[in-house]
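Participant: Take a look at this one; I'll ask things after.
The values are calculated or read from the model by the stated rules, or taken from the named source; none is laboratory data. None of the values given here were measured: they were computed from a predicted structure. Cβ coordinates were reconstructed from backbone atoms using ideal geometry, including for glycine residues, and neighbour counts include every protein chain displayed.
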Amino acid sequence: MATQEEILQGLAEIVNEVAGIDVEDVQSDKSFTEDLDVDSLTMVEVVVAAEEKFGVKIPDEEVKNLSTVGDAVTYIQSHQD
Amino acid sequence: MPVDIKSPAGAPHARILGVGGYRPSRVVTNEQICQVIDSTDEWITTRTGIKERRWATAEETVAVMSLAAAGKALAAAGVEAEQIGLVVISTVTHLAQTPSLAAMVANELGALNAAAFDISAACAGFCHGLALAQDAVRGGSAEYVLVIGVERLSDLTDMNDRSTAFIFGDGAGAAVVGPSETPGIGPVVWGADGAQYEAIGQTFNWDVLREQTDIGFPALRMNGQQVFRWASYQMVPVAKRALEKAGISAEDLDAFIPHQANMRITDAMIKALKLPEHVPVARDIARTGNTSAASIPLAMERMLEEGEAPHGGVALLIGFGAGLVYAAQVVVLP
């Protein structure tokens, strides 16, 4: 089970790899679309990479609820096996 | 003891003998689209790779476009219309429930010895048609088969839908499939995932118009994120199986011609497939938009014409779309 910090770190690495955004810019309070300029399709790439990395399922209907990095961290943490 | 009946005798193998396309005359740029929807050229380009698309005029009907593409494919194949034993058309924009578009096109083409029917496999339609054509040639049901993908998706586009108005285009692509001494079309890998039936479809079915006459015409709608995820990730194992079944690896390819759905899907597939950099990839979507069943033959024709892919080279085709349905196969280019 990854801790909140580990998930944030891992997610930041994914966002960096997929969207080329600096790891240190990926903070809990940042909005994916507004602050990080992650568009809806890039968001799908982030989600699929996160599913693989953290062993969670993030269905399509949940993706729209993950507006901030913190939302994604919370979702991943509470859905880990 | 019942009497013996005869089985048909087919060709040892089948291959694509010629391909032809028709691009309608009206070029519609992103700037023109943005006069209607609140968007920008940059927004559309980064999300889809589309710079412009072709929209048919009133005269450029699905039949007219089919005939033009078919004529070019027959000429390229060196096959006469009367030699055609089967015409298969894939379209979702022949706006008559019956009869089929194929029956009309076969007659106007002079393919008077051909069986003719339409299939409904959306953006995977061309690859489905190719599989049927191969089976008909090898099974002896037809010596030569004409496969056409044709769409006027502009007829089913809601110009006020900010998520789809810029995606779709019109056009036709055709291929003549015939007998071959050597394998020219690999085994098809195909399937349907009806659990995602709602992912792409019409805003409402035609019968709704019986009760409600003030709601205009139906349009195509799509759950973009759901389709992107499915196409970008679940189609990669399908493509890999098509390579395996053909007995080749991605290294051996001379071209990768996926359905031109979205440049981002193509890029995601290339990455996940680990496609070698030397393999040219169809990117016709930039100038043609997403033309559903017509996109693969149109892209194939362009790659051959521009010398991007070699005649006689080996190409991986994969179509995927509403259903959700998919089909992939390796082919030898005509």
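Participant: Hey, among the residues in the stretch B:211-232 that are within 12 Å of chain A (Cβ to nearest Cβ) and small (G, A, S), which one's surrounded by the fewest Cβ atoms within 10 Å (Cβ to Cβ)?
Facilitator: B:G224
Participant: Residues of the stretch B:23-47 being within 14 Å of chain A (Cβ to nearest Cβ) and either crowded, with 16+ Cβ neighbours inside 10 Å or small (G, A, S) (or both), which ones?
Facilitator: Selection gives B:S39, B:W43, B:I44, B:R47.
Participant: Checking the condition hydrophobic (A, V, I, L, M, F, W, C), in contact with a helix residue (DSSP H, G or I) (Cβ under 7 Å, 6 or more places away or on another chain), surrounded by 24 or more Cβ atoms within 10 Å (Cβ to Cβ) and modelled with pLDDT of 95 or more, which residue from B:L333, B:L298, B:L275, B:L243 passes?
Facilitator: B:L298
Participant: In this structure, does B:S120 turn out to be surrounded by fewer than 19 Cβ atoms within 10 Å (Cβ to Cβ), under 16 Å from the mean Cα position of the chain (by Cα) and farther than 18 Å from B:G18 by Cα?
Facilitator: The answer is yes for B:S120.
Participant: Out of A:I21, A:I76, which single residue is away from every other protein chain (no Cβ under 14 Å), assigned to a helix (DSSP H, G or I) and touching a helix residue (DSSP H, G or I) at 6+ places or on another chain (Cβ under 8 Å)?
Facilitator: A:I76 is the lone residue from the list that is away from every other protein chain (no Cβ under 14 Å), assigned to a helix (DSSP H, G or I) and touching a helix residue (DSSP H, G or I) at 6+ places or on another chain (Cβ under 8 Å).
Participant: May I ask you to say which residue of B:G186, B:G139 is in contact (Cβ under 8 Å) with a residue 40 or more places away in the chain and either in contact with a Gly (Cβ under 6 Å, 6 or more places away or on another chain) or aliphatic (A, V, I, L, M) (or both)?
Facilitator: Of B:G186, B:G139, the one residue that is in contact (Cβ under 8 Å) with a residue 40 or more places away in the chain and either in contact with a Gly (Cβ under 6 Å, 6 or more places away or on another chain) or aliphatic (A, V, I, L, M) (or both) is B:G139.
Participant: Report, ordered by the first and then the second residue, all pairs with beta carbons closer than 9 Å, sequence separation of six or more or different chains, a first member in the stretch B:17-29 that is of a type in the set (D, E, K, R), and a second member that is assigned to a strand (DSSP E or B).
Facilitator: B:R23/B:R54; B:R23/B:D170; B:R23/B:G171; B:R23/B:A172; B:R26/B:R54; B:R26/B:W55; B:R26/B:D170
Participant: Tally the residues that are surrounded by fewer than 18 Cβ atoms within 10 Å (Cβ to Cβ) and free of Cβ contacts under 8 Å to residues at least 24 places away in the same chain, restricting the search to the stretch A:4-27.
Facilitator: 10
Participant: Quickly run through the stretch B:98-117 and pick out the residues that are crowded, with 24+ Cβ neighbours inside 10 Å and either β-branched (V, I, T) or at positive phi (or both).
Facilitator: Of everything in the stretch B:98-117, just one residue is crowded, with 24+ Cβ neighbours inside 10 Å and either β-branched (V, I, T) or at positive phi (or both), namely B:V105.
Participant: Starting from residues that are more than 14 Å from every other protein chain (Cβ to nearest Cβ) and free of Cβ contacts under 8 Å to residues at least 12 places away in the same chain, keep the ones in the stretch A:34-73 and report whichever is surrounded by the fewest Cβ atoms within 10 Å (Cβ to Cβ).
Facilitator: Only one residue tops the list, namely A:E34.
Participant: Considering every residue within the stretch B:171-182, establish whether at least one is closer than 28 Å to B:I215 by Cα and either under 15 Å from the mean Cα position of the chain (by Cα) or at pLDDT below 95 (or both).
Facilitator: Within the stretch B:171-182, one or more residues are closer than 28 Å to B:I215 by Cα and either under 15 Å from the mean Cα position of the chain (by Cα) or at pLDDT below 95 (or both).
Participant: Looking at the stretch B:160-170 only, could you name the residues that are among the hydrophobic types (A, V, I, L, M, F, W, C) and either under 17 Å from the mean Cα position of the chain (by Cα) or surrounded by 22 or more Cβ atoms within 10 Å (Cβ to Cβ) (or both)?
Facilitator: Listed by number, the residues that qualify are B:F166, B:I167, B:F168.
Participant: Separate question: Any chance the stretch B:165-176 includes a residue that's in a helix (DSSP H, G or I) and of a type outside the set (A, V, I, L, M)?
Facilitator: So far as the stretch B:165-176 goes, no, none of its residues is in a helix (DSSP H, G or I) and of a type outside the set (A, V, I, L, M).
Participant: A further question on this structure: Do we find that B:F217 is at pLDDT 95 or above and aromatic (F, W, Y) in this structure?
Facilitator: no
Participant: Here's something else I'd like to know. In this structure, is B:T157 touching a Gly at 6+ places or on another chain (Cβ under 9 Å), surrounded by fewer than 24 Cβ atoms within 10 Å (Cβ to Cβ) and closer than 26 Å to B:S25 by Cα?
Facilitator: no
Participant: Determine if the stretch A:13-24 includes at least one residue that is under 22 Å from B:K271 (Cα atoms) and touching a Lys or Arg at 6+ places or on another chain (Cβ under 9 Å).
Facilitator: Yes; the residues of the stretch A:13-24 include at least one that is under 22 Å from B:K271 (Cα atoms) and touching a Lys or Arg at 6+ places or on another chain (Cβ under 9 Å).
Participant: Sticking with this structure for a sec: Can you tell me which of (1) part of a helix (DSSP H, G or I); (2) of a type in the set (G, A, S); (3) farther than 27 Å from B:Q196 by Cα is the one A:A2 doesn't meet?
Facilitator: (1)
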